[in-house]
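Reading through the structure tokens given below for one structure.
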Amino acid sequence: MNETQVKKSSPVLDFFKRLKNARETSLILIIVAICIVLSITNPYFAKWANIQTLLGSIAINGILTIGMIIVMISGGLDLSIGAVMCMSMAFSAKAITLGVPPILAILIGLVGAAVCGFVIGQIVTKLNLSHFIVTLCFMGIARGVVYVMTSGISISLVSNLKTMPTLAFIGSGYIGGTVPMSFVIFLALAIAADLYARKSSGMRKVYYTGSNEMAAKHSGIKINRVKVLACVACSVLAGIASVIYMSKYSGVSVSAGEGAEMTALSAAVIGGVSMNGGKGTVAGGLLGLLFIVLIQDAMNLFSVQAFWQDLIRYVIVLLAVILDVLQERARKKKNS
Amino acid sequence: MEALQLRDISKSFGRNQVLFSIDFDLQAGEIHGIMGENGAGKSTLMNIIYGNLKSDGGEIRVDGNPVTINEVSDAQKLGICFVEQEIALCQDATVAENIFMARINQGKGFNMKKLAEEARQILEPLCGGSIDPYEIVEKLPISNQQVVEIAKAISNNCRILILDEPTSSLSGEEADALHRVIQDLKKRGIGIIYISHRMSDIFGQCDRVSVLRDGTMVSTRPIAEATVQQLVNDMAGREVDILYPPKAEDLQRTEENVVLDVQGLTDAEGRFSDVNFKLYKGEILGFAGLLGAGRSEIMQGLTGLRPMKGGKVIFHGRDIMGKSTSAIFQDGLVMLPEDRKKQGLFLDMDIEMNTSAAYLQQITRGGMIQRGKEHRQAEEMSKSMNVRCTGIHQIVRSLSGGNQQKVLLAKVLAKRPDVVIMDEPTRGVDVGAKAEIHRLLRQLASEGVSVIMVSSELNEVMGMSDRVVMLDSSGCLVGDVTGDDINSDHIMYYISDAYKYQEKNDEVTEHE
């Protein structure tokens with residue numbers, strides 16, 4: 001071991017050193033490579049129409065992934081985000097059809113989601129149950145609430161949205177006629193979340209708690225509060241995603257968001273967010289999502305049969321995770 | 001007949017030699033006690049006998065024949081069994097399944113009825129049928145779980161049995177029951193190595209007793225020729241190995257200098273009761289007690305990490321009893337946790353983030369961490385703690401134990417607390433780092449911080465403390481000493497229960 005006394009390291013050198021080791025760097029390189037290959041091999045990929053679709057499709061899953069990343073950093077995970085999004089949306093849509101003003105309706109949906117997250121957090125911390133089982137149940141519960149509310153019939157907002165241009169713009173409008181509004185909202189949230197995760201003391205406490213709960217407790221951090229707030233943040237983000245969904249698809253289908261938790265989870269894992277907590281960045285997780293979305297797009301462009309798509313996608317996710325573990329192991333060996 | 005002979009056994013971990021040319025004999029049908037402070041090398045030696053570790057040199061003979069023990073299965077084939085200190089049974093499985101776990105794992109299915117019958121045959125002589133083979137282990141009291149451990153160990157044709165502090169988690173009655181089992185095994189010709197800290201165990205059960213100190217076998221005596229005093233001397237050692245920094249000279253132990261006043265602190269689970277002591281400004285107060293005496297538990301009770309039944313903890317003139325750990329922490333009473341990896345450090349984070357964990361509030365403005373301040377703080381702390389690293393962005397996991405400990409100190413001290421509780425501040429730390437940590441502690445005290453120090457190394461407690469509080473093995477506070485009274489004879493006499501034991505000395509020796 002080459003250990004020396006503390007020396008002032010040059011911040012610039014330090015920055016590049018960290019950049020070299022960061023997961024984000026390698027993901028960006030891979031993504032750029034995929035993009036280059038796709039634009040050479042497929043004439044449609046680089047077309048603005050395709051890119052527009054890509055950007056529009058990333059917003060909802062992107063916001064859900066941000067929430068998943070936060071919970072995972074706190075040492076948990078949330079399987080209920082897709083269902084909670086659907087439930088939050090059902091609340092808002094129902095309220096709108098009953099004549100409630102859109103802002104209030106959206107608020108109702110968000111509060112519904114927040115309550116969900118709060119209850120999940122309380123059960124997880126008070127009874128010391130695993131996130132896995134509690135959120136698995138909430139996945140069913142939230143979806144069940146939707147079924148009961150709607151009797152399984154989709155709520156259509158097509159006529160309502162005609163009188164609510166702002167709400168309609170959120171999901172299907174384009175800024176300057178080119179950039180999807182939903183993507184802009186997502187990007188703003190993503191940048192804010194990434195900065196918040198890097199700089200705020202609130203989020204730092206989430207990292208500490210996820211990294212070593214006991215040590216966080218011994219450092220005077222209120223770990224239960226941190227864990228509950230992480231759950232609430234995740235559910236509220238699902239609520240925000242629901243607004244875009246509702247607006248984009250002009251209504252609520254009872255199966256909205258099914259499987260979204262799996263996309264978010266695999267994106268986060270590919271992006272270097274640890275299942276054990278305490279590790280990962282918002283940017284990394286979202287690059288993971290971009291990777292998945294690109295693979296999906298590539299399969300569409302090359303007209304891969306729908307039956308094959310899930311299979312291929314998850315094999316790629318698995319390979320990525322295995323590669324990651326092997327790399328980590330090699331690095332540890334080198335260090336010790 | 002010599003069941004086991006060790007000749008010239010040595011062992012090093014890296015550059016750190018932990019065993020020096022150990023010779024040891026165990027007769028068949030003998031109970032041979034081994035005593036020694038923590039870190040003396042007892043566990044290492046046992047693990048060599050049991051095949052968990054390989055010795056660097058020397059010879060092991062079983063029944064006079066030289067043997068090679070490369071792995072645990074080799075030891076088991078030779079009839080060597082090891083009951084470790086921590087109970088390691090499958091809590092959800094039945095007694096019989098636990099006893100025959102090895103066999104079940106090898107086999108192709110098993111007959112529960114047959115297993116239970118065999119288990120009964122093993123258990124019968126051990127406990128007179130008081131343990132049902134069909135019982136789920138979790139439901140048994142700890143002492144019976146210990147018996148199951150022993151049954152598991154001896155089920156496999158055991159000839160040499162190693163017991164590592166079997167009584168440390170048992171009550172007096174439970175220990176008596178266990179001792180009857182051990183005496184019975186002895187009559188069956190099994191040679192037993194009995195590691196214990198308790199004088200009463202050693203004098204009550206053993207035929208011979210050996211003392212290990214700093215990796216050297218210091219003495220071996222027939223029990224009839226041994227005295228408490230000799231054993232204490234052998235364990236503590238006459239010479240002080242490390243030079244400790246000079247103690248405080250002008251301590252004012254007056255009422256207005258009381259920083260922390262603990263009154264009648266009583267544990268909810270009964271590990272200790274009615275603990276009273278005062279801590280003065282700038283004082284290093286040592287807690288001496290054997291393993292399991294409840295030292296760490298008292299500290300956890302003070303800081304709200306463990307539920308208490310009653311008592312007061314007056315800090316800054318207010319009772320902090322029942323407050324949350326984080327609130328107590330913010331008030332300026334902090335604890336350096338005993339297990340730095342589990343409770344102390346964020347191993348996968350860098351030094352900077354570890355250093356600021358307890359200090360976040362001070363460097364946060366408007367909810368955002370002031371990275372510049374954080375950076376300077378980390379640089380400063382890691383410099384003053386003399387952490388050897390490539391920079392403050394080095395991941396803590398990749399540091400050596402001693403440097404990890406210094407990072408933990410930095411983390412705790414960054415908050416500039418009034419009282420620091422140090423639980424095993426130098427465990428698993430090399431000699432050089434140890435001396436540095438000692439120097440830091442003394443410097444801290446001279447700056448007016450009060451330090452409570454808990455260590456299982458008596459030398460360390462004696463060398464560092466201005467005053468020493470003594471706990472006997474039942475968690476009872478038996479008094480405190482200062483100045484010249486801080487010596488091993490005096491302290492050992494109390495903490496090893498010898499003060500209780502000597503009153504009934506004759507009675508016990510005649511009993512066996």
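Just for the range A:213-243: of the residues that are under 23 Å from the mean Cα position of the chain (by Cα) and of a type in the set (S, T, N, Q), which one is surrounded by the fewest Cβ atoms within 10 Å (Cβ to Cβ)?
A:Asn224
Got at least one residue in the range B:305-320 being within 11 Å of chain A (Cβ to nearest Cβ) and either in a loop (DSSP other than H, G, I, E, B) or hydroxyl-bearing (Ser, Thr, Tyr) (or both)?
yes
Conditions tested, residue by residue: (1) part of a strand (DSSP E or B); (2) polar (S, T, N, Q); (3) buried (at least 16 other Cβ atoms within 10 Å of the Cβ).
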{"site": "B:Gln146", "(1), (2), (3)": "no, yes, yes"}
{"site": "B:Asn157", "(1), (2), (3)": "no, yes, no"}
{"site": "B:Ile193", "(1), (2), (3)": "yes, no, yes"}
{"site": "B:Arg221", "(1), (2), (3)": "yes, no, yes"}
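I need a count of the residues in the range B:389-398 that are within 8 Å of chain A (Cβ to nearest Cβ), of a type in the set (A, V, I, L, M, F, W, C) and in contact (Cβ under 8 Å) with a residue 40 or more places away in the chain.
Matching residues across the range B:389-398 total 1.
So A:Gly272 passes all but one of these: (1) more than 14 Å from the chain's Cα centre (by Cα); (2) within 14 Å of chain B (Cβ to nearest Cβ); (3) of a type outside the set (Asp, Glu). Which condition number does it fail?
Single failed check for A:Gly272: (1).
Using beta carbons and a limit of 7 Å, which pairs, at least six apart or on different chains, have the first residue in the range B:362-388 and under 14 Å from A:Lys205 (Cβ atoms) and at the interface with chain A (Cβ under 9 Å from one of its Cβ atoms) and the second one assigned to a strand (DSSP E or B) and not polar (S, T, N, Q)?
Going by the 7 Å Cβ cut-off, the qualifying pairs are B:Ile363/B:Ile369.
Name the single residue, out of those in the range B:338-347 being surrounded by fewer than 22 Cβ atoms within 10 Å (Cβ to Cβ) and either touching a strand residue (DSSP E or B) at 6+ places or on another chain (Cβ under 8 Å) or among the hydroxyl-bearing types (Ser, Thr, Tyr) (or both), that is nearest to the other protein chains (Cβ to nearest Cβ).
My answer is B:Leu347.
State which residue is farthest from the other protein chains (Cβ to nearest Cβ) when the search covers only the range A:204-222 and only residues that are in contact (Cβ under 8 Å) with a residue 24 or more places away in the chain and assigned to a helix (DSSP H, G or I).
Of everything passing the filter in the range A:204-222, A:Val206 is farthest from the other protein chains (Cβ to nearest Cβ).
Report the residue count in the range B:242-292 for those that are hydroxyl-bearing (Ser, Thr, Tyr) and under 20 Å from B:Arg318 (Cα atoms).
3
Would the range B:451-461 turn up any residue that is over 19 Å from the mean Cα position of the chain (by Cα) and within 20 Å of B:Ser488 (Cβ to Cβ)?
no
Looking at (1) touching a helix residue (DSSP H, G or I) at 6+ places or on another chain (Cβ under 8 Å); (2) without any contact (Cβ under 8 Å) to a residue 12 or more places away in the chain, which one does A:Ile240 not meet, given that it meets all the others?
(2)
For B:Gln85, state whether it is of a type outside the set (Val, Ile, Thr), under 22 Å from B:Ile190 (Cα atoms), surrounded by 15 or more Cβ atoms within 10 Å (Cβ to Cβ) and in contact with a Pro (Cβ under 8 Å, 6 or more places away or on another chain).
When the stated conditions are applied, B:Gln85 passes them.
Taking the range B:317-338 on its own, how many of its residues are in contact (Cβ under 8 Å) with a residue 12 or more places away in the chain and more than 20 Å from B:Leu279 (Cβ to Cβ)?
The qualifying residues number 1.
Condition check ((1) closer than 30 Å to B:Leu231 by Cα; (2) touching an Asp or Glu at 6+ places or on another chain (Cβ under 9 Å)) across all residues:
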position: B:Glu117; (1), (2): no, no
position: B:Ile122; (1), (2): no, no
position: B:Tyr134; (1), (2): no, no
position: B:Lys139; (1), (2): no, no
position: B:Glu149; (1), (2): yes, yes
position: B:Ala177; (1), (2): yes, no
position: B:Ile192; (1), (2): yes, yes
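Take the residues in the range B:32-63 that are buried (at least 20 other Cβ atoms within 10 Å of the Cβ) and over 23 Å from the mean Cα position of the chain (by Cα); name whichever of them is nearest to B:Met235 (Cα to Cα).
B:Ser55
Has the range B:420-430 got at least one residue that is at pLDDT 85 or above, at the interface with chain A (Cβ under 9 Å from one of its Cβ atoms), within 19 Å of B:Val334 (Cα to Cα) and not in a loop (DSSP other than H, G, I, E, B)?
Within the range B:420-430 (the criterion being at pLDDT 85 or above, at the interface with chain A (Cβ under 9 Å from one of its Cβ atoms), within 19 Å of B:Val334 (Cα to Cα) and not in a loop (DSSP other than H, G, I, E, B)), the answer is no, since none of the residues qualifies.
Hey, B:Ile369 hits all of (1) modelled with pLDDT of 90 or more; (2) aliphatic (A, V, I, L, M); (3) under 20 Å from B:Asp423 (Cα atoms) but one; which does it fall short on?
For B:Ile369, the exception is condition (3).
Here is a list: A:Ala298, A:Ala330, A:Ala283. Which entry is buried (at least 20 other Cβ atoms within 10 Å of the Cβ) and either away from chain B (no Cβ under 14 Å) or assigned to a helix (DSSP H, G or I) (or both)?
A:Ala283
Residues in the range B:318-337: is at least one of a type in the set (Lys, Arg), modelled with pLDDT under 90 and buried (at least 22 other Cβ atoms within 10 Å of the Cβ)?
Looking for residues that are of a type in the set (Lys, Arg), modelled with pLDDT under 90 and buried (at least 22 other Cβ atoms within 10 Å of the Cβ), one finds none in the range B:318-337, hence no.
The values are calculated or read from the model by the stated rules, or taken from the named source; none is laboratory data. Keep in mind it's a predicted model, so treat the numbers as computed, not measured. A quick note on method: Cβ atoms are made from the backbone with ideal geometry, for glycine too, and the neighbour counts reach across all protein chains shown.
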